[in-house]
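The values are calculated or read from the model by the stated rules, or taken from the named source; none is laboratory data. This structure is a prediction, so every number in the text was calculated from the model and none was measured. Heads up, the Cβs are rebuilt from the backbone with ideal geometry, glycines too, and the neighbour counts pull from every protein chain shown. Accessible surface areas use protein heavy atoms only, side chains included; no ligands, DNA or RNA. Shrake-Rupley method; radii C 1.70, N 1.55, O 1.52, S 1.80 Å.
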Amino acid sequence: MPRKTPPPSHSTKATPLALSQLHIRLQFLEKEHQSLLKQIKRKRTELKNFVEQTRIFATEILHKASPSFQKMAELDHDIHALFDEIFTTRKFGKQTLKNIEAVYLNLQLTGIISLKPSHKHFNTELDELSDNPESDFSRETAEEGYEHWQTQESVESQSVARTEDKRKIRETFLRLAEIFHPDKVKDNETQRYYTEIMKSINQAYQEGDLARLLEIELLQQVGEVIDNNSEDDLTRKCRTLSQQNQILLTQYENLKRELPLAKNTPEGAMVSDSRKAAKKGIDSMAIMVETIDNQINVVSQIRDFVKDFREQKITIKEFLGGPPSLHSLDEEIMEDILEQMLSELMR
């Protein structure tokens with residue numbers, strides 16, 4: 001592999017004591033450097049493995065619960081269609097209409113059915129709530145909630161923010177790119193080899209991953225060669241390592257923060273909970289599918305209840321009172337169902 005030749009040294013002759021102190025400092029910095037690279041690699045692997053486990057878990061859930069998700073989507077569509085028919089085909093007094101619109105809106109805001117912010121009855125009732133001085137509700141709150149539901153959480157790699165850090169990363173990238181650009185060689189085999197290396201170099205640079213760039217440099221043995229008897233060379237090397245170590249420390253701290261962030265996403269929490277459950281011999285996957293089926297049962301009852309109202313099988317008073325069968329549900333269980341309903345449906 002190519003190795004840089006050391007530049008001619010123009011330093012003045014250093015005293016043995018000065019060189020000894022520089023050697024000690026260089027040894028300390030190199031030890032710190034290697035330790036940081038190992039810690040970053042370990043933490044990066046840990047994060048990568050957790051993200052992969054999350055992906056596998058989500059894929060398995062989607063596969064097992066796909067029929068249930070489809071059923072939920074159908075129920076959601078049915079309820080919206082039933083309310084459309086009710087608003088279109090039946091005549092109500094002004095206050096009664098407002099009460100029915102409030103029921104429709106509450107079903108959306110509690111997550112039992114999906115939001116339809118473009119629907120005129122959604123906006124009408126939302127305006128009524130927003131204009132009510134005794135209400136804590138606002139249009140902005142609802143719209144923020146809607147945007148929150150529509151936005152998937154994701155865990156992104158944190159790039160190095162400081163200008164000096166970015167400059168050092170760019171310097172390392174350019175140094176490696178200068179050596180491993182495929183156009184620098186003629187034979188096809190070496191071009192292919194350099195192309196693969198450049199892919200890794202480009203990815204590391206785009207992610208602000210100095211550790212990976214330095215790993216490539218070390219692996220390919222293209223680091224700077226210094227004269228151990230040159231005070232200038234030793235001083236420059238110490239300064240470079242010190243700067244790199246500071247950036248690596250920042251990168252390591254960022255990685256340490258990323259794993260908890262990944263675990264705190266809804267998907268990450270499911271994986272963490274699944275691990276804990278597995279240690280106790282509990283099949284969390286089966287419980288989740290059962291929970292979704294319970295949700296389907298609740299929403300099916302609501303769909304049938306709205307359908308009975310459309311067909312005038314129940315009175316307005318009975319409709320506004322809600323499905324009697326749901327009144328017997330434990331309040332805490334009902335709250336959990338409502339909280340999970342939309343997130344499972346929209347995923």
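Quick look at the numbers
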read-out	value
Among residues of the range 269-289, those that are more than 15 Å from E60 (Cβ to Cβ) and assigned to a helix (DSSP H, G or I), counted	4
Residue, farthest from the chain's Cα centre (by Cα), within the range 303-321, restricted to residues that are farther than 20 Å from K98 by Cβ and not in a loop (DSSP other than H, G, I, E, B)	D308
Hits in the range 8-52 (condition: open to solvent by less than 70 Å² (accessible area, probe 1.4 Å) and at pLDDT below 85)	S9, S11, A14, A18, L19, S20, L22
The listed residue being under 30 Å from L19 (Cα atoms) and modelled with pLDDT of 85 or more, out of T240, T235, T190	T235
Residue within the range 140-158 that is more than 30 Å from E267 (Cα to Cα) and either modelled with pLDDT under 70 or assigned to a helix (DSSP H, G or I) (or both) present	no
From the options E311, E258, residue that is modelled with pLDDT of 85 or more and open to solvent by less than 50 Å² (accessible area, probe 1.4 Å)	E258
Answer residue from the range 54-88, given it is farther than 21 Å from M285 by Cα and touching a residue at least 60 places away in the same chain (Cβ under 8 Å) and is surrounded by the fewest Cβ atoms within 10 Å (Cβ to Cβ) among those	E85
Residues located in the range 217-232, provided they are surrounded by 17 or more Cβ atoms within 10 Å (Cβ to Cβ) and either modelled with pLDDT of 85 or more or part of a helix (DSSP H, G or I) (or both)	E217, E231
The range 89-103, subset open to solvent by less than 50 Å² (accessible area, probe 1.4 Å) and of a type in the set (V, I, T), residue nearest to L115 (Cα to Cα)	V103
K43 vs. criteria without any contact (Cβ under 8 Å) to a residue 24 or more places away in the chain, of a type outside the set (S, T, Y) and assigned to a helix (DSSP H, G or I)	no
Cβ pairs under 8 Å, 6+ apart, first in the range 177-203 and without any contact (Cβ under 8 Å) to a residue 12 or more places away in the chain and over 17 Å from E215 (Cα atoms), second hydrophobic (A, V, I, L, M, F, W, C) and surrounded by 11 or more Cβ atoms within 10 Å (Cβ to Cβ)	Q191/V185
Test for K199: is it surrounded by fewer than 13 Cβ atoms within 10 Å (Cβ to Cβ) and assigned to a helix (DSSP H, G or I)	yes
Given (1) out of contact with any Asp or Glu (no Cβ under 7 Å at 6 or more places or on another chain); (2) more than 24 Å from L255 (Cβ to Cβ); (3) at pLDDT 55 or above, index of the condition E134 fails	(3)
All positions within the range 261-277 that are within 30 Å of Q34 (Cα to Cα) and surrounded by fewer than 17 Cβ atoms within 10 Å (Cβ to Cβ)	L261, K263
Number of positions in the range 250-271 that are under 14 Å from the mean Cα position of the chain (by Cα) and free of Cβ contacts under 8 Å to residues at least 24 places away in the same chain	3
Residue match in the range 174-182 (condition: assigned to a loop (DSSP other than H, G, I, E, B) and either modelled with pLDDT of 85 or more or within 38 Å of the chain's Cα centre (by Cα) (or both))	yes
The range 96-113 residues that are under 13 Å from F319 (Cβ atoms), paired with ones that are open to solvent by less than 20 Å² (accessible area, probe 1.4 Å) and among the charged types (D, E, K, R) (beta carbon under 6 Å, 6 or more apart)	E101/E125; A102/E125
Failed criterion for I302 (all others in (1) open to solvent by 60 Å² or more (accessible area, probe 1.4 Å); (2) in contact with a Gly (Cβ under 9 Å, 6 or more places away or on another chain) hold)	(1)
Some residue of the range 293-304 being more than 25 Å from K64 (Cβ to Cβ) and modelled with pLDDT of 60 or more	yes
